[in-house]
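To start, the structure under review is shown below, and the notes come after it.
The values are calculated or read from the model by the stated rules, or taken from the named source; none is laboratory data. Since the model is a prediction, treat every value here as computed from it, not as a measurement. Backbone-built Cβ (ideal geometry, glycine too); neighbour counts: all protein chains shown. In case anyone asks, the SASA skips ligands and DNA or RNA and just uses the protein heavy atoms, side chains included. Shrake-Rupley method; radii C 1.70, N 1.55, O 1.52, S 1.80 Å.
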Amino acid sequence: MNDHATSPGQAAPQGIDTSVPHSARIWNYWLGGKDHYPVDEQAGDAYTAVFPGIVTIARGSRAFLRRNITYLAAEAGIRQFLDVGTGLPSADNTHEVAQRIASGSRIVYVDNDPLVLAHARDLLSSTPQGATSYIDADVHAPDRILAAAADTLDLSRPTALILSNILGHVADTGQARSIVDQLMGALPSGSYLSVNDGSRGIDPIFEQAQDAYNESGAVPYNLRTVDEITSLFDGLDLLEPGVVPVTQWRPEATSPAPEVIAEHGGLARKP
Ligand SMILES: C[S@@+](CC[C@H](N)C(=O)[O-])C[C@H]1O[C@@H](n2cnc3c(N)ncnc32)[C@H](O)[C@@H]1O
């Protein structure tokens, strides 16, 4: 990592494996952050050498997340957020966007990367009126996530579940659907689901770069077809414009021209 580089004689923080690239750190590299190690930069550069568009995907995806949270806090009146697969702190973290609009918002972050845990204090800088907490848990364990989230959130009240670039880490689409069903099943009517993930069937070069990445030793990330991503919203009411390239989800006047990119997302309300 730039700040914590493993120079001779200097060990990485405990529990952090700097010999294998990791998605949170590579993602942080593409987003222009500082929290990554040489192994992540090499993996990130190998990826962009094949598919430079990943940087647009990473940044477009964060902008989609910000627009989703803004809608949820400003227009839908949501005051509770469960953000699974949080990633390293970046610009416009979920609690910052939500609490700028409604200072009493409560946010639970969940990730299983020790480096994200090491940086969790940056995610816990809540307003005095609101609250943030961090759970070290695997997305494959929704029951554990829900039990721990209940310490901070009142799960009998509408809550937004944020799954931004995390379900690709679940190998099987059926299993991803089951995780979404279990998490959304525990939330009341009026709750929301926000999902965005890398999509298959749009750009063969992206798929080639992703296949090579998945063979690099990093935790694999599986691209899904737009239909598969859309199926994650089954049983929920998708808001307009549905599941679209993230750049085309309610772009702002100041947003870059909404090009078609292989990253699809949507926002839906539980009826
Ligand atoms: C590509 S990053 C996305 C970060 C952020 N949500 C965003 O969209 O900008 C994927 C995140 O998922 C986390 N992750 C990967 N596998 C996970 C798992 N099985 N359980 C929980 N988190 C996981 C990684 O540590 C990383 O922080």
query: When Rg is the radius of gyration of the Cα atoms in the chain and Rh is its Kirkwood radius, what does Rg/Rh come to?
result: 0.94
query: How far is the Cα center of segment 127-163 from the Cα center of segment 242-271, in Å?
result: 25 Å
- request: Note down the magnitude of the dipole of the chain about its Cα centre, charges +1 on Lys and Arg C-beta and -1 on Asp and Glu C-beta and zero elsewhere, to the nearest 20 debye.
  value: 800 debye
field: Dipole of segment 142-217 [Lys/Arg +1, Asp/Glu -1 at C-beta], most positive-end residue of P188, G168, A149
entry: P188
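What is the local net charge at S164, summed over the other residues whose Cβ is closer than 11 Å to its Cβ (Lys, Arg +1; Asp, Glu -1)? Numbers along the way, then the final one.
Working: positive: R62, R66; negative: D83, D197, E263.
Net charge around S164: -1.
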- request: May I ask which residue of A91, T127, I107 lies farthest towards the positive end of the charge dipole of segment 84-139, with charges of +1 (Lys, Arg) and -1 (Asp, Glu) on Cβ and the Cα centre as origin?
  value: T127
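Please give me the summed charge of the neighbours of V84: other residues whose Cβ is under 10 Å from its Cβ, Lys and Arg +1, Asp and Glu -1. Show your work: numbers first, answer last.
Values: positive: none; negative: D83, D111, D138.
Charge balance near V84 sits at -3.
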field: segment 169-183 - phi-based ³J(HN,Hα) in whole Hz, Karplus 6.51/-1.76/1.60, Gly and Pro as x
entry: 7, 9, 5, 10, 5, x, 5, 4, 4, 5, 4, 4, 4, 5, 5
field: Cα-based shape type of segment 131-172, given that a ≥ b ≥ c are square roots of the gyration tensor eigenvalues and the cut on a/c is 1.5
entry: prolate
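Just to confirm, what accessible area per residue do you get for the chain at 1.4 Å probe, in whole Å²?
Details: 11180 Å² over 271 residues.
Accessible surface, normalised per residue, equals 41 Å².
Out of every Cα pair in segment 47-137, what percent are spaced more than 19 Å from each other?
Values: 1739 of 4095 pairs.
Within segment 47-137, distances greater than 19 Å cover 42 percent of Cα pairs.
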Q129-S178 FRET efficiency (beta carbon distance; Förster radius 25 Å; 0.05 resolution): 0.10
For segment 79-93, 3J(HN,Hα) per residue [Karplus equation, 6.51 cos²θ - 1.76 cosθ + 1.60, θ = phi - 60°, Hz, x = Gly/Pro]: 10, 10, 9, 10, 10, 9, x, 3, x, 6, x, 9, 5, 6, 5
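Would you mind telling me the share, in percent, of accessible area of the chain contributed by carbon and sulfur at probe 1.4 angstrom?
On the way: 5630 of 11180 Å².
Here carbon and sulfur together make up 50 percent of the probe-accessible area.
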task: Please list the non-local residues whose amide H lies under 5 Å from the amide H of E263, H modeled 1.01 Å from N, same-chain partners needing a gap of 5 or more.
output: S199, V246
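Calculated from DSSP H runs of 4 or more alone, at -39500 (n - 2.57) each and per residue, what is the 222 nm mean residue ellipticity of the chain, nearest 500?
Working: 10 runs with 97 residues, N = 271.
That comes out to -10500 deg cm²/dmol.
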